[in-house]
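Colleague: Encoded as structure tokens, here's the structure I'll be asking about.
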Amino acid sequence: MSAPLEAKVFYTQQEAFRLAFPDADRFESKTYVLTAKQVEAIETASRSEIGSKLVTIQTAWRGETLLGHLQIDVHTVRTQSEGVLVALDEKGRVSQVRVLAF
């Protein structure tokens, strides 16, 4: 008999926000609906299918200063759920990638 499977959570969502942008005093959330052309471009670049046309981006601020953006993606790897955070700096460059849960 095998042991039950469970995911290991390394960081909660709020902990991940703080790790990515420790100086932020607020995070704003915005959900976008991707166009068919955007979906096609993402799938071509990533060589994989995206699960949804909905994408939620968190924007980190300190006062009126933009610190950057982050997105948390939850997907299945083989049979396990994985949560990954990707943070972008204020210029749109990848500044951090973290596995939040697996």
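Colleague: How much length, in nm to one decimal, is gained on full extension between Leu19 and Thr31, taken as 0.36 nm per residue of separation minus their Cα-Cα distance?
Modeller: Full extension from Leu19 to Thr31 adds 2.1 nm.
Colleague: Ignoring ligands and nucleic acids, what accessible area does Leu85 show with a 1.4 Å probe (Å², nearest 10)?
Modeller: Estimated to the nearest 10 Å², Leu85 gives 0 Å².
Colleague: If amide hydrogens are placed 1.01 Å from N in the peptide plane, which non-local residues have theirs closer than 5 Å to the one on Ala101?
Modeller: Excluding prolines and chain starts, which carry no amide H, the hits are Phe10, Gly83.
Colleague: Can I ask one more? By how many nm would the segment from Phe10 to Val74 lengthen if fully extended, with 0.36 nm per residue of separation less the alpha-carbon distance?
Modeller: Using 0.36 nm per residue and subtracting the Cα-Cα distance, I get 21.7 nm.
Colleague: Specify which labelled value, from (1) 105; (2) 136; (3) 115, agrees with volume of the Cα convex hull per residue in Å³ derived from the coordinates of the model shown.
Modeller: (3)
Colleague: When the solvent-accessible surface of protein heavy atoms is calculated with a 1.4 angstrom probe, in what order do Ile42, Ile57 fall, highest first?
Modeller: Of Ile42, Ile57, the descending order of accessible area is Ile42, Ile57.
Colleague: With every protein chain kept in place and ligands, DNA and RNA left out, what is the accessible area per residue of the stretch 7-102? Probe 1.4 Å, answer in Å².
Modeller: 69
Colleague: Additional query: Can you show me the helix-derived [θ] at 222 nm for the chain, built from DSSP H runs with n ≥ 4 at -39,500 (n - 2.57) apiece and divided by the number of residues, rounded to the nearest 500.
Modeller: Calculated from helices alone, the mean residue ellipticity at 222 nm is -5500 deg cm²/dmol.
The values are calculated or read from the model by the stated rules, or taken from the named source; none is laboratory data. Owing to the predicted nature of the structure, the values given are computational and were not obtained by experimental measurement. Quick note on the areas: whole protein, heavy atoms, side chains included, nothing else; ligands and nucleic acids left out. Shrake-Rupley method; radii C 1.70, N 1.55, O 1.52, S 1.80 Å.
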